[in-house]
Amino acid sequence: MSAKEYRTVSAARGGLLTVSQVPGIAFGDRVEIRDSQGRKRNGQVIRSSSIEVLIQVFEGTDHLDLENTWVRFLDTPLEISLSPEILGRVFNGLGEPKDGRPPVVSRLHRSINANAFNPAARTYPKEFIQTGISTIDGLNSLVRGQKLPIFSASGLPHNRLAAQIVRQAKLPDEESHFSIVFAAMGVSYSDARFFQEEFASSGVLGNVVMFINMADDPPVERLTLPRMALTAAEYLAFDLDRHVLVVMTDITHYAEALREVATAKGDVPARKGYPGYLYSDLAEIYERSGRIKDRHGSITLVPVLSMPSDDITHPIPDLTGYITEGQIVLSRELHNQGVYPPVHISPSLSRLMKDGIGKDFTREDHPHVSNQLYALYARALETRNLASIIGADELSARDQRYLKFADAFEKRFVAQGEDEDRSIVETLNLAWELLSLLPTTALTRVTETEMAKYHRHAGSELQQPVQKEPPA
Amino acid sequence: MTKQGIIKDINGPIVTITLPGVANGEQVKIGELGLYGEVISLQGSEALVQIYESTEMVRPGEPVEGLSHPLSVELGPGLMGGIFDGVQRPLEKMFLQAGDQIPRGVSPDALDRESQWTFTPTESLEPNTQVSGGIQLGSVQETESVLHRILVPPDVSGELIEIAPEGDYSLDQTIARVRTADGEIRRLKLFHRWPVRQPRPYLHRDHSSEPLITGQRILDTFFPLLKGGKGAVPGPFGAGKTMVQHQVARWSNADIVIYVGCGERGNELVDVLDSFPKLKDPYTGRSLMERTLLVANTSNMPVVAREASIYVGITIAEYYRDQGHDVVMLADSTSRWAEALREVSGRLGQMPVEEGYPAYLASRLSAFYERAGRVETHDCGKGSVSLIGAVSPPGGDFSEPVTSHTKEIIQTFWALSKELADARHYPAIDWVDSFSADVSTAAIWWHEQVDRNWEKRRGQALSMLARDAELSRIVNLVGPEALSSAQRWILEGAALIKEGVLQQSALDPVDTFSSPEKQFLLLDTLLTIYDQGADLIELGVPVQELSDLPILAKLRRCKEVYDSDQLDQLREFRQQAIKIFESIRSEYAQRGEQTS
């Protein structure tokens, strides 16, 4: 560690500090800054040349003067100390304790900017995680190692949904529980408190590592916080063989902090003032989830983001959707109708679902049932639109059935209690109960065998099942 | 003698160095870690370098070494079945040597030097003859399904002094010696290097005449792409771009498939790596991985290497083209490549034009796509590179710069739609927004190989879909009662086409691939039934009676009941369906007679 302090600050502007006449400082180096009163601030080198060094100061540059500011370069990248004792602790975006307890002492330090995983080292995630929530398990299944964000908006119950996932997530036939890494960026006091109480009341607190940056904490810390959290998650998953569930909230605050810093640096803006590298930057975070060959643990990532003005095409949800393996979208309309969880089915998606469900994983009919529910609900929504124009009474008998299906689907399948933990078999049986509201001829995505087995009226008065075998 | 210099400034992946004698485009190794980079501009004594790896903890004052060659790839046996990063580092080997994460400053040989390959020299080739770039020296059976022709590198010509006899050779062994015009002796090996940003030469361009068959009905039947053609797959997230690309990689009748994962998800490449070895090429019956090569620069890997990755891919594609193969290259996604371009240009402080993209975006894009095409090679007959680029428009807005520039360059446009994807209509290719400029060329092939009615039937289906869209608008305004019987039958017919032909499940083992014969038979069957129904309706048969026929549900499913080699059964089934409609006709005709 270099003890030498420099007093050659030549500029301070928008959270950035320029120091002149310093030799060979490393790019990304950690910096300690002392002001005229001797108070310490933290920073990081974001540009380094043989003439001067540009430092990003986490706590901002307010009240710094050029004369009486001392800068010390620590000759180390941003690191986190790791040991099993991080479980049950609370840290800030720099990895410093936020729970009033002493720092974690360990010889193991890791840079929070890990090198990218070799794609050849990954294994394809395919173990179904049961969250007990029908809209996720049945229609957008989560698997171990997946990154599946919740797209929400202000006022919607995304925190309650995230907490329910944390409470209920398990493999259907395994007892082991997840270790949880919770990363909160720019959250309000009440949100942070909600999660802390949730973890405490469900008795998992000793199995949670929390990284918290409050709404009034320095925004720059929001940029390092998810990297701290993921470095901790990688340690838990790949050093300690644990299955780790990482919940991050709120990615929107993260991206706003990134924009703030980028603007101060003078980066060329791309869309809505966000820098052109927002995609790569978000990918550095999201892609740290997954499964690795010959490693027992896994990292499953559930980021929460609020869509500014409920707009899914806003750069933050848009770029996220291009990186993550699907998304769970919440709907204000359903929420206003009192449906919890208000999962908006049509735009929700899980890309890794196909390999984690079906025979050997959940149940053989699962892929088709899910597909069928989607197709029917899309059709039923069209019918509902039509009904709102010409009146429900004008609809044909068949269309009336679609309307009934849409209502039942929302009230019984989508809606469920906050403490209701439905097994995947319960979810699928419920799905068949709803599918049975329609005649077998309307069901083109499920097979005849499945209909014969699960459809309530298969082979009865409604219609002869269609043969799947080629005629002899 | 290597050139030495030092680092002056580090700004993320852009580093300023001084290195006397360095050339633009030259590869350099910087810092104590030895990170690889490429010179992108020169200004006085300083050079700007883009680095393919993270520059964390690199310092000004550290040394720099010039490597005296531009970014190049190794071309030779051992490429097939491999996975490489954006600068052709072998990822499997790096995983075995260095573990889970990609270490910095490591650059193993792309091609394995230990492996032995059985080389068979070209019989007609005698010493003391003149050879030039592209002349076939011999061949190596690279995999069971790929015959790798060993060519004289494009930049070598002269008198062949010696050629090795048949036998096993490793890549470092000399297999031929050539005396060039200025008397220099060039030792040729089983592999050579070629700079990625320079298109490989060929004899002349040839026009494309044959469609690329992908086994996907909406692509082959409705929006065909020719071998050597240029196509784009734009779509918002979740619409299934990657799935379309995977399906093309799986089932197309190409000899070689190069799949470039450019700034996309790591797990998608793992999916290919896991599933392709187990899948069988429907044309050769061999494992798909034997003809596939992956270039992987996932979204979290350094952005500069992402920019390079598509050039690495297309250069390898051209190399196999020069051997007379039909190559398909898939780039997923060109938007991420464009963003890499934007990120670098932003760091250089270049003036942005649209949405932060540099002014040279359009010219770079078109120069890249222009490397596709069908050519007459020097010595191996005709070869082709078909290039299909995925585009990821922000917010699904096709008017953004990358999509709109791409649209001007390509011939085939497979537009993905959010609405179709939301209704789980896959592949979610919109038949209104999509287009193919090569339908009439493809028609010649279809008419010769499959059926003379292909173009007619295709046109009939498309116009029915267009009528359907029109009528659906009316239904949405005033309800279905406002339509005539004939119009309501059009809706039924369009639904038949949508479900029975356009929708195709990539996950269903039967439906995932349709031979051209099956594609046409399905389309023709459904349209025949539709035509019959239309006649019946004119005779006064109520639409409801026809719509309720269980045979319609069966028709929708026959795509997943009959495999491409069960077409006789499908024809039999078609006859049954036709009979049902004929019996209704005679029933009504009788009734008509009774009443009159």
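If Rh is defined by the Kirkwood formula over all Cα pairs and Rg also comes from Cα, what ratio Rg/Rh do you get for region A:20-179?
Ratio value, two decimals: 1.09.
Under unit Cβ charges (Lys, Arg +1; Asp, Glu -1), what dipole magnitude, rounded to 20 debye, does chain B have relative to its Cα centre? Don't skip to the end; give the middle numbers.
Numbers: 58 positive and 83 negative charges, 86 e Å.
In total the dipole reaches around 420 debye.
List the pair-distance distribution P(r) of region B:1-112, using every Cα-Cα distance, as the percent of pairs falling in each 5 Å bin from 0 up to the bin containing the longest distance, rounded to whole percents.
Here the calculated profile for region B:1-112 is 2, 12, 23, 21, 17, 13, 8, 3, 1.
Name the residue farthest towards the positive end of the dipole of chain A from the options A:Ser179, A:Gln164, A:Tyr189, assuming +1 on Cβ of Lys and Arg, -1 on Cβ of Asp and Glu, about the Cα centre.
Checked the options; the winner is A:Ser179.
I'd like to compare B:556-563, A:274-281: which one has the highest average count of other Cβ atoms within 10 Å, and what's the full order after that? Don't skip to the answer; put the middle values down first.
Working: B:556-563: 20.0, A:274-281: 24.1.
By packing density, highest mean first, the sequence is A:274-281, B:556-563.
Starting from the Cα of B:Leu96, step 7 Å toward the Cβ, then list every residue of region A:286-308 with an amide N under 19 Å from that point.
Those under the cut-off are A:293-295.
How big is D, in µm² s⁻¹, for region A:117-230 by Stokes-Einstein at 20 °C and 1.002 mPa s if Rh is the Kirkwood radius over C-alpha pairs?
The Stokes-Einstein estimate is 136 µm²/s.
Using the alpha carbon gyration tensor of region B:204-436, what are the three equivalent-ellipsoid semi-axes (square root of 5 times each eigenvalue), largest first, in whole Å? Write out the running numbers ahead of the final one.
Numbers: eigenvalues 132, 87, 65 Å².
Rounded to whole Å, the semi-axes are 26, 21, 18.
I need the peptides B:185-193, B:13-21 ranked by packing, meaning the mean over residues of other C-beta atoms within 10 angstrom, with the highest value on top. Kindly include the intermediate steps, with their values, before the conclusion.
Working: B:185-193: 17.9, B:13-21: 19.6.
Taking the mean over residues of other Cβ atoms within 10 Å, the ranking is B:13-21, B:185-193.
As a test of the formula, what do you get for chain A when each DSSP H run with n ≥ 4 contributes -39,500 (n - 2.57) and the sum is divided by the residue count, at 222 nm and rounded to the nearest 500 deg cm²/dmol?
-9000 deg cm²/dmol
Within 10 Å of each Cβ in B:55-68, how many Cβ atoms from other chains are there, averaged over the peptide?
That average works out to 4.
In vacuo Debye scattering of region B:228-352, one point per C-alpha: log10 I(q)/I(0) at q = 0.10, 0.19 Å⁻¹?
-0.33, -1.07
So, in Å, what gap is there between the alpha-carbon centers of region A:171-218 and region B:268-331?
Value for the Cα centre distance between the two parts: 41 Å.
How big is the Kirkwood radius of region A:5-73, worked out from every pair of different alpha carbons and given in Å to one decimal?
Mean inverse Cα-Cα distance, inverted, gives 11.4 Å.
Pop the C-beta distance of A:Asp99 and A:Ser309 into the FRET formula with R0 = 30 Å and round what comes out to the nearest 0.05. It would help to have the intermediate numbers written out before the result.
Values: r = 36 Å, r/R0 = 1.19.
Step by step, r from the Cβ atoms, then E = 0.25.
Under 5 Å between amide H atoms, partner at least 5 residues away or on a different chain: which partners does A:Phe91 have, H built in plane at 1.01 Å?
Sorted by chain and number, the residues that satisfy this are A:Lys98, A:Met210, A:Phe211, A:Ile212.
In sequence order, what are the phi-derived ³J(HN,Hα) couplings for region A:113-124 according to the Karplus relation 6.51 cos²θ - 1.76 cosθ + 1.60 with θ = phi - 60°, rounded to whole Hz, with x for glycine and proline?
Result, ordered by residue: 9, 5, 5, 5, 5, 5, x, 6, 8, 7, 10, 6 Hz.
State to the nearest 20 debye the size of the charge dipole of region B:272-312 about its Cα centre, where the only charges are +1 on K and R beta carbons and -1 on D and E beta carbons.
120 debye
For all pairs of alpha-carbon atoms in region B:454-595, what percent lies in each bin of width 5 Å, listed from the first bin to the last filled one?
In whole percents, the pair-distance histogram is 2, 9, 19, 20, 19, 14, 10, 5, 1, 0, 0.
May I ask you to list the aspartates and glutamates whose Cα is less than 18 Å away from that of A:Lys272, ignoring any residue fewer than eight positions away on the same chain?
A:Glu256, A:Glu260, A:Asp281, A:Asp310, A:Asp311, A:Asp318, B:Glu339, B:Glu343, B:Glu354, B:Glu355, B:Asp397, B:Glu400
Under 21 Å between alpha carbons, and skipping anything fewer than 8 positions from B:Lys230 in its own chain: which lysines qualify?
The qualifying lysines are B:Lys241, B:Lys382, B:Lys407.
Among the listed pairs B:Lys3/B:Lys189; A:Lys40/A:Lys265; A:Lys147/A:Lys293; A:Lys453/B:Lys554; A:Lys404/B:Lys518, which are separated by more than 29 Å between their Cα atoms?
In this structure, A:Lys404/B:Lys518 lie more than 29 Å apart at Cα.
Do me a favour and compute the ellipsoid semi-axes for the protein assembly as shown from its Cα gyration tensor, root of five times each eigenvalue, largest one first, whole Å. Walk me through the numbers on the way to the answer.
On the way: eigenvalues 512, 345, 113 Å².
With the √(5λ) rule applied to the protein assembly as shown, the semi-axes are 51, 42, 24 Å.
Please compute, for the alpha-carbon atoms of region A:374-466, the extent along each of the three principal axes and give them in descending order in Å.
Largest to smallest, the principal-axis extents are 40, 39, 19 Å.
Could you work out the mean count of beta carbons from other protein chains within 10 Å of each residue's beta carbon in B:258-270?
Mean partner-chain Cβ count within 10 Å for B:258-270: 5.
Helix B:439-449 versus the longest principal axis of chain B: what angle, 0 to 90°, nearest 10, using Cα atoms?
70 degrees
Along the charge dipole of chain B, Cβ charges K/R +1 and D/E -1, which of B:Val432, B:Ser515, B:Met464 sits furthest on the positive end?
Value computed over the given set: B:Val432.
Once the convex hull of the C-alpha atoms of chain A is built, how many Å³ does it hold per residue, rounded to a whole number?
In chain A, the Cα hull volume divided by residue count equals 175 Å³.
Using θ = phi - 60° and the Karplus curve 6.51 cos²θ - 1.76 cosθ + 1.60, what whole-Hz ³J(HN,Hα) does each residue of region B:382-395 get, with Gly and Pro shown as x?
Using θ = phi - 60°, the values come out as 9, x, 9, 10, 9, 10, 10, x, 7, 10, 10, x, x, x Hz.
Per the Kirkwood definition applied to all pairs of different Cα atoms, how many angstroms is the hydrodynamic radius of region B:113-190?
12.6 Å
Of all the C-alpha pairs in chain B, what % are more than 44 Å from each other? Please report the intermediate quantities before stating the final value.
On the way: 50242 of 177310 pairs.
The calculated P(r) of chain B puts 28 percent of pairs beyond 44 Å.
Averaged over B:416-425, how many beta carbons belonging to a partner chain fall within 10 Å of each residue's beta carbon?
Rounded to a whole number, the mean comes out at 4.
Please give the charge dipole size of region B:204-436, origin at the Cα centre, charges +1 on K and R Cβ atoms and -1 on D and E Cβ atoms. Round to the nearest 20 debye.
I would put it at about 300 debye.
Please give the Cα centre distance for region A:240-277 versus region A:1-45, rounded to the nearest Å.
Cα centres, region A:240-277 to region A:1-45: 24 Å.
Take the alpha carbon atoms of region A:380-422, find their center, do the same for region B:526-596, and report the distance between the two centers in whole angstrom.
32 Å
Every number here is computed from the coordinates shown, using simple stated rules; none is lab data. Quick caveat, the model's predicted, so the values are computed rather than measured. Reconstructed Cβ throughout: ideal geometry from the backbone, glycine too, with neighbour counts over all protein chains shown.
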